[in-house]
């Protein structure tokens, strides 16, 4: 065998060996408890487990501020009084808005929208959840897409909370799903109840229903759409 042929063979064998080691031997070793006692393999396991999480955290820090700028107009301030405003959610660009029942003057059929008084038509109430869907005589409102797929445990989400002049962003992760409720490690003041929660695609996931012991209970958008028919 010539030196050149031997050189090519060595390169080919080295590449083949590296592929075999990375894609077959390493996964087999890391899933075998016997190798956990060796520091070298424990370090590899940590890198494989931690790096994707770090990437998600970095992605959150980059994407959430951008999404907030895009979504904030779809979360208008609404209320019975000009100086007591909370979160509303624009459902359609032609004036359908969802919000806490107490934020609307249902008797006079008016609401303050971003400090401007507007007449409303009551479309549907949900007494159990304390929500109401109304129609305003407005067009070209900013909307947000709904999450179509069911939310999953472990999914990263964030809250946009508004109360009078205060606006907050709070991010967390879905911890459990039980009885058509989503529970996530989002914690904030009760001022931000009924404010919207979004995923990292900028899709509406649901509405905060309560805060308790550093856990937020979220009413998922699929349930809200089923209740209100939109």
Count - residues of the stretch 77-118 that are surrounded by fewer than 19 Cβ atoms within 10 Å (Cβ to Cβ) and either more than 20 Å from residue 189 (Cα to Cα) or within 24 Å of the chain's Cα centre (by Cα) (or both): 18
Failed condition for residue 222, given (1) more than 11 Å from the chain's Cα centre (by Cα); (2) assigned to a strand (DSSP E or B): (2)
Top-ranked residue in the stretch 119-159 [being over 19 Å from residue 96 (Cβ atoms) and surrounded by 20 or more Cβ atoms within 10 Å (Cβ to Cβ); ranked as modelled with the lowest pLDDT]: 151
Looking only at the stretch 201-218, and only at residues there that are touching a helix residue (DSSP H, G or I) at 6+ places or on another chain (Cβ under 9 Å) and closer than 21 Å to residue 91 by Cβ, the one that is surrounded by the fewest Cβ atoms within 10 Å (Cβ to Cβ): 201
Those residues of the stretch 189-219 which are within 12 Å of the chain's Cα centre (by Cα), more than 17 Å from residue 179 (Cα to Cα) and free of Cβ contacts under 8 Å to residues at least 60 places away in the same chain, in sequence order: 197, 199, 201, 203
Residue tally, condition assigned to a strand (DSSP E or B) and loosely packed, with under 14 Cβ neighbours inside 10 Å, over the stretch 174-200: 2
Test: residue in the stretch 150-159 that is touching a strand residue (DSSP E or B) at 6+ places or on another chain (Cβ under 7 Å), under 21 Å from residue 94 (Cβ atoms) and assigned to a strand (DSSP E or B): no
Residue in the stretch 180-202 that is at positive phi and modelled with pLDDT under 90 present: yes
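The values are calculated or read from the model by the stated rules, or taken from the named source; none is laboratory data. Quantities reported herein were computed from a predicted structural model and do not represent experimental measurements. Note that we place each Cβ from the backbone using ideal geometry, even for glycine, and neighbour counts take in every protein chain shown.
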